[in-house]
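The values are calculated or read from the model by the stated rules, or taken from the named source; none is laboratory data. Note that the coordinates shown come from a computational prediction; the quantities given were computed from them, not determined experimentally. Virtual Cβ from ideal backbone geometry, glycine too; neighbours counted across all protein chains shown. Note: areas computed on protein heavy atoms with side chains; ligands, DNA, RNA excluded. Shrake-Rupley method; radii C 1.70, N 1.55, O 1.52, S 1.80 Å.
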Amino acid sequence: MKYYSGLLALSQYAYEEDDSAGLGADASKYLAEADKYERDTDFAKLGNEEVFSTVIIPTGEVKQCASHARAYCDLLVEHDFESLRDIYLIAIKSYSVLNRILLMSRKHGLLKDKEIVKFLNDEFGLSFRGHLVMVGEDKALADILEEYQV
């Protein structure tokens, strides 16, 4: 199933419980490049998790779109760290969405990827490391420690 992800999805509200800020003011900008943000659940590492039918702002069309947590995770899978840098502070600003990002990352094995772990540690610091301790992700914690050894 085709769906919108990435920054375009962050400009939409596909998941009613997303309490994040979003990028709604830029929706038209991202819609102009909609093909760039289209993904297919059949080929996605996260399958169809957190992909919902929604009314697209500002067109009013009904399309499939990722939640903000899913859009963030899709960008992690793609290693699009440039787009992700500081996007939490700009477009998400929600601990509940951050929690879903971290849980989804663990569930789908993203924490086995050292580059993703490094990025999440750089972005979220102690919050991320605390989550890793809480869920027993010893390998990811070891990867972080390895990064800082001299």
Check Leu141, Leu111, Leu102, Leu132 and return the single one that is without any contact (Cβ under 8 Å) to a residue 40 or more places away in the chain, open to solvent by less than 20 Å² (accessible area, probe 1.4 Å) and touching a Lys or Arg at 6+ places or on another chain (Cβ under 8 Å).
Leu111
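Any residue that is among the hydroxyl-bearing types (Ser, Thr, Tyr) and touching a Gly at 6+ places or on another chain (Cβ under 8 Å) - is there at least one of those in segment 31-45? Talk me through it step by step, then tell me what you get.
So the first thing to find is which residues in segment 31-45 are among the hydroxyl-bearing types (Ser, Thr, Tyr), and the list is 37, 41.
From what is left, the residues that are touching a Gly at 6+ places or on another chain (Cβ under 8 Å) are 37, 41.
Yes, there is a match, as at least one residue in segment 31-45 is among the hydroxyl-bearing types (Ser, Thr, Tyr) and touching a Gly at 6+ places or on another chain (Cβ under 8 Å).
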Val117 fails exactly one of the following numbered conditions: (1) more than 15 Å from Ser20 (Cβ to Cβ); (2) touching a residue at least 40 places away in the same chain (Cβ under 8 Å). What is the number of that condition?
(2)
Boolean, Glu82 is acidic (Asp, Glu) and either under 25 Å from Phe128 (Cα atoms) or touching a residue at least 40 places away in the same chain (Cβ under 8 Å) (or both):
yes
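Please enumerate the residues belonging to segment 1-50 that are of a type in the set (Phe, Trp, Tyr) and under 25 Å from Lys93 (Cβ atoms). Can you show your working first?
Here is the first cut: in segment 1-50, the residues of a type in the set (Phe, Trp, Tyr) are 3-4, 13, 15, 30, 37, 43.
If the condition is that a residue be of a type in the set (Phe, Trp, Tyr) and under 25 Å from Lys93 (Cβ atoms), then Tyr3, Tyr4, Tyr13, Tyr15, Tyr30, Tyr37 are the ones that fit.
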Among the residues of segment 1-58, which ones are open to solvent by 30 Å² or more (accessible area, probe 1.4 Å) and closer than 20 Å to Ser105 by Cβ?
Tyr15, Glu17, Asp19, Arg39, Phe43, Lys45, Asn48, Glu49, Glu50, Phe52
